[in-house]
Amino acid sequence: MRAATTALFVFFLTGAAFADAASAAERLRDNLLEVGRSGRFLYASSSGFYDWKPENAGAFRRKTGVSPLLYFVEFRDIVGTWYKPEDYAANKTNLAAFVKHEYAERHAVPMVTWHLNNPYMPPKWRNPKWDAGAAYRYRYGMEGYPEAHRWVLREIVEGAGESCGNGRIDGIGDKTFPNPRAWYEWCLKEAAAFCRTLKDERGNQIPIVFRPFHECECDWFWWGAKSAMCADYIAAFRLTVEILRRELGSRNVLFAYSPDKCWSAAGEEGKSGFLARYPGDAWVDMIGFDDYDIGKDWDSPKTPKSAAKSTAAAIHRARIVSKIGHERGKVCGIFESGVKDSVDSFYSELRKVMTAPGVEFAIAATYDGPWTWPTTDAGKADMEAFLRSDVVITDRSGADLLR
């Protein structure tokens with residue numbers, strides 16, 4: 001642990017009181033800032049798309065003996081116009097129960113990822129490369145995509161475009177919106193209404209972290225680089241924050257900016273590098289990136305032995321983001337990564353990135369399923385050692401993110 005921050009981190013762990021006026025989200029942000037400067041970090045897992053039933057709440061703990069204090073949840077299955085209304089309703093019930101349980105047990109906090117469907121989805125659409133639920137993949141450049149609606153984020157911001165929102169997975173559209181702006185505002189209000197139901201036993205709002213339009217500099221989502229200019233993306237992100245703050249209250253939600261790894265320098269806001277699509281300090285509380293290259297052996301991908309190059313590249317990016325976060329007072333982290341197709345020492349490689357000199361990251365997250373769970377005995381042992389490490393914060397550390 002870095003000596004300069006040891007006292008601060010002990011203060012965090014022992015639960016010293018913050019000012020009563022501070023909201024839970026503000027306390028969460030301040031505590032995460034201290035974690036990032038401490039030389040330790042929180043491990044965050046993904047809960048999975050359909051793994052929110054109360055009986056599954058302890059699944060991670062049953063496998064590992066610990067529970068994460070931060071965990072990712074997916075909003076694609078509770079808000080949108082792709083699935084049937086009854087499916088959205090059932091998923092809301094399950095997810096609300098899951099979040100409340102985790103908060104009551106250990107003040108664990110959800111971080112929201114939203115693979116929202118494209119408003120111009122045609123009924124019964126299927127992507128040949130992805131499952132039927134990958135409606136967020138429907139974008140400019142795909143066969144049959146309407147050329148006139150390449151810039152959907154721009155249409156949302158400007159209130160332009162055409163009738164949309166009635167393409168459903170079963171072919172029975174039950175809603176129609178005059179344009180993508182009306183559709184998106186409805187989606188945000190639905191999301192906010194759900195979040196307002198997330199309260200503890202005293203009736204206080206459970207804080208959340210919201211990570212809209214992630215992996216934005218790449219091209220696999222309808223908000224990606226070939227579907228949204230930097231100015232479009234920034235304006236849509238700001239609009240999202242403004243609407244959710246209005247609907248939720250600004251003191252209950254933290255917002256995270258999270259491109260993928262396809263950059264190598266800080267760059268310039270609105271133009272290049274990590275900051276190319278940065279919405280601005282007033283709209284962002286947390287910054288980071290997704291990196292599924294960690295643990296990959298670029299020299300021999302079919303018989304992986306060494307991940308030195310991918311680890312070094314991730315450390316380089318993490319130092320860039322840490323410097324930006326330190327200067328601007330932003331919580332930093334790796335928001336998605338994963339063990340799939342990596343060396344058996346993936347979790348050791350992740351720890352190297354998080355504890356490298358010059359890195360001030362509070363969060364290291366792995367995605368669900370095969371991206372979290374190793375398949376080899378060596379990989380499983382590496383994950384167990386990682387979770388037992390003194391630098392990795394889980395509920396076994398005695399930490400409380402809300403004190």
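Looking at the structure I just gave you, is R168 assigned to a loop (DSSP other than H, G, I, E, B), basic (K, R), more than 25 Å from the chain's Cα centre (by Cα) and surrounded by fewer than 20 Cβ atoms within 10 Å (Cβ to Cβ)?
Against the criterion (assigned to a loop (DSSP other than H, G, I, E, B), basic (K, R), more than 25 Å from the chain's Cα centre (by Cα) and surrounded by fewer than 20 Cβ atoms within 10 Å (Cβ to Cβ)), R168 does not qualify.
Being open to solvent by 20 Å² or more (accessible area, probe 1.4 Å), aliphatic (A, V, I, L, M), within 19 Å of the chain's Cα centre (by Cα) and at pLDDT 80 or above narrows it down to one residue among L42, L28, L69, L33; which is it?
Matching residue, one of L42, L28, L69, L33: L33.
How many residues does the stretch 215-236 contain that are among the aromatic types (F, W, Y) and modelled with pLDDT under 95?
So the count comes out to 1.
Tell me, yes or no, whether the stretch 382-391 has at least one residue that is β-branched (V, I, T) and over 20 Å from the mean Cα position of the chain (by Cα).
The answer is yes, given that some residue of the stretch 382-391 is β-branched (V, I, T) and over 20 Å from the mean Cα position of the chain (by Cα).
Restricting to the stretch 253-303, and then to whatever is of a type in the set (K, R) and part of a loop (DSSP other than H, G, I, E, B), can you tell me which residue is farthest from A44 (Cα to Cα)?
Going through the qualifying residues, I end up with K271.
Name the residue that is nearest to S345 (Cα to Cα), counting only residues in the stretch 367-384 that are modelled with pLDDT of 95 or more and of a type in the set (D, E, K, R).
D382
To keep it simple, each residue is scored yes or no on (1) open to solvent by less than 10 Å² (accessible area, probe 1.4 Å); (2) closer than 22 Å to R317 by Cα.
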| residue | (1), (2) |
| --- | --- |
| A193 | no, no |
| K199 | no, no |
| I208 | yes, no |
| A231 | no, no |
| E242 | no, no |
| R245 | no, no |
| A265 | no, yes |
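Condition (residue is part of a loop (DSSP other than H, G, I, E, B), open to solvent by 40 Å² or more (accessible area, probe 1.4 Å) and more than 21 Å from I393 (Cα to Cα)) applied to the stretch 305-315: is it met by at least one residue?
yes
So, A282, is that one in contact (Cβ under 8 Å) with a residue 12 or more places away in the chain and either aliphatic (A, V, I, L, M) or more than 18 Å from I320 (Cα to Cα) (or both) or not?
Criteria not met by A282.
Quick check on this structure: which one of A104, A96 is part of a helix (DSSP H, G or I), open to solvent by 40 Å² or more (accessible area, probe 1.4 Å), within 27 Å of D200 (Cα to Cα) and of a type in the set (A, V, I, L, M)?
A104
Looking only at the stretch 218-226, decide whether some residue is within 30 Å of D400 (Cβ to Cβ) and open to solvent by 40 Å² or more (accessible area, probe 1.4 Å).
no
The values are calculated or read from the model by the stated rules, or taken from the named source; none is laboratory data. Because the structure is predicted, anything quoted here is derived from the model rather than measured. Ideal geometry is used to build each Cβ from the backbone, glycine not excepted, and the neighbour counts take in all protein chains shown. Only protein heavy atoms, including side chains, enter the accessible area calculation; ligands, DNA and RNA are left aside. Shrake-Rupley method; radii C 1.70, N 1.55, O 1.52, S 1.80 Å.
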